[in-house]
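Report on the structure given below.
Values quoted throughout were computed directly from the atomic coordinates according to the rules given, and no laboratory measurement underlies them. Treat the numbers as computed from the prediction; the structure is a model and nothing was measured. Heads up, the Cβs are rebuilt from the backbone with ideal geometry, glycines too, and the neighbour counts pull from every protein chain shown.
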Amino acid sequence: MTDLSISTAVFTEKIGSVVNESEQMFLTLGKVSPLFVRELHENLVSLEQSFASETGVNTAISKLDRLFTQTKDRIGNCSLIFSKMHDRGSSLLTSLSDSLDRLKAMEGIIEKIRNDSEDMALISLNALTGALKSGAAGRGFSVITEELMRLSDQTKVVTDQLESDSLALMKQLTGFTGELKKLEELQNTVFEGLDELITQQFVAIEEKVKNLTKSLYALVQESKTLEKPVCAIMETIQIHDIVRQSLDHILIALREYEDIKNSASVDADELEAFKGQLLILGEVIMEDVISRFEEALRTFDTAFTAIQKLIRRGEKERTILLREHFSHLSSSSMQTVFEESARTLTMIEQNLSSYLAIKQSVASQGSRIAEYVLAISKQYGKFEKIINRFNTIDIAARIEISKQSMLHSIKNTVTAMTGLINRISSDVEDAKKSSQSFIEDTHTALFDYGKTFGEEVTTFSLAQQELVQAFRLFASFQEDLEQNTRNFTLFSETFINLLETQEHEIGKIKNLIIQCKQIKDYFSEIRAKMPESSENVEIRNQHLKDIISKFTIYAHKQAAAEIGNFEVSSTKGIKDVDLEAGEITFF
């Protein structure tokens, strides 16, 4: 008879080792798996919040849209202000152009006054000559002629000064209108078609961001497919209860054998047959345990392969997206589009600086023009005194001629002098009226234009600051987007660590399978050494039969009955019930 004592001890040790190792492994998995599932769920929720559904508006697009709207509003406000300033500038330009035309027309009048003053000097000289020829009667008249010559000289001096001031004013006005035209040209440069340009650039950015987030969202959606295999891991962990019970059956059966092997009440042949049946039953149960471990291993491998595949794909996709969207080498990349928008904002900001510089120059020139206009106004004040004196001398000359018959020879000269004085008075009056109109219109236009300068400087300084801020926000948005893409990962570090823990524990299953196969082979090896005659022995000992009946597994009940050559009773329909393989039953 083959002695199973040594074999029982070996079986117990080896099976106990499998039980302990599997229990420790499944306990660890039992603790980690719920955390694993929860972390997956939290990852998916976080990713959903970062990358909205395909039909929704994602956070990045919303933020970009707000930034674009704010920037476009700022530019629109600047355009409106520029438009009003342009209208004021155009009005001033028209007014000053008219003033220049009038100033040029006044040149002819001033020239006439100069010529009249020169003629007055000649007439005065002729009158003086006639008065001297008249002897004593002409002495009084000579004083008049000398005064006329002095007034003629004064008229010439004032006329020269007026001409000089007018030329200087004309030069200032020409430069002033030139600056105004620069402002008009700059406005067209800055704002003509700017709204359309900004819109096009935003649409390009928005399209890039949408493509980026759509690609990332596709990975997020795919990561949801991992919920099923991850849950399968949790479900598979529960097989340990069945495995433990199956192995415990063998251990209990082995202990029962040890308890009865030396009993005198048990027939040796029946005990040998019982031993063989236990060995076969052990093989069947170990085969079931191996099958369950292998199925669990396949489930785990399938789940981890899917996770690892998705992790690798996410990393590959992230690398591709970085290359496609944030490379300086691609003319259509998001980086290039952002830089183009940044250059546009910088150009606007620089043009605003140029505009304000020209505006400052215009305002300064306006102040100088006002000074020149005031100087011209004073010159016409001098003319009034000279004209009044001319009229006084004219009256004195006519009186003197009427009193002195000796002076009748210069009567025609005096008459010419009177006509010349009237002409000078008329020309001066015309020039004065034109000058006053010019001064009034120019001063009013410059005053109105200068009055708004401070307000415009404040408004545009604010607009300039806002555009600089918009530029910074665009740059910050682009940096954040690139950084987020660089840091994009489908799974958190905690998830990866939990995954590594599970993979490490599950790797032990392969070793458990090897151990179980060794135990099964050991069962087979011992059974093969038993005599063939024991297989035909019918077990009649009720205690042995009870052991077989009591400690078996429903899935192996029929096999056990065939081995023991006895029938196993069952309730009506029990064979049609689909029980879990390995489930413990008591009969």
Task: Simple label model, 7 Å out from Cα along Cβ direction - Asn422 to Lys31, nm - done: 12.6
- [ ] Could you please report the charge total around Glu294, scoring K, R as +1 and D, E as -1 over all other residues with beta-carbon less than 13 angstrom from its beta-carbon?
- [x] +1
Task: Separation in nanometres of the label points that stand 7 Å from Cα toward Cβ, at Glu146 and His504 - done: 12.6
Open item on the list: Taking 60 Å as R0, compute the FRET efficiency from the Cβ-Cβ separation of Asp267 and Lys316 and round it to 0.05.
Closed with: 0.25
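Given R₀ = 41 Å, FRET efficiency for Ala232-Arg486 by Cβ-Cβ distance, to 0.05?
0.80
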TODO: Mind sorting Ile290, Ile424 by how few other Cβ atoms lie within 10 Å of their own Cβ, fewest first?
DONE: Ile290, Ile424
Task: Among Val266, Ile290, Ala303 - extreme Cα towards positive end, dipole of segment 257-322, charges at beta-carbon - done: Ala303
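Tell me the net charge near Phe26. Cut-off is 11 Å between Cβ atoms, Phe26 excluded, with +1 for each Lys or Arg and -1 for each Asp or Glu.
-1
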Open item on the list: I'd like the FRET efficiency for Ala168 and Met347, computed as 1/(1 + (r/R0)^6) with the beta carbon distance as r and R0 of 41 Å, rounded to 0.05.
Closed with: 0.65
Open item on the list: For a distance above 16 Å, tell me the whole-number percent of Cα pairs in segment 112-214 that qualify.
Closed with: 75
Open item on the list: So if each residue of separation counts as 0.36 nm, and I subtract the Cα-Cα distance between Arg139 and Lys181, what length gain in nm does that give?
Closed with: 8.9 nm
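Tell me the net charge near Asp65. Cut-off is 12 Å between Cβ atoms, Asp65 excluded, with +1 for each Lys or Arg and -1 for each Asp or Glu.
Neighbour charge sum, excluding Asp65 itself: +3.
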TODO: Would you kindly state how much longer the chain becomes between Thr199 and Arg398 on full extension, computed as 0.36 nm times their sequence separation minus their alpha carbon distance, in nm to one decimal?
DONE: 63.4 nm
Open item on the list: Can you compute the modelled spin-label distance between Gln24 and Thr129, with each label point 7 Å from Cα toward Cβ, in nm?
Closed with: 14.3
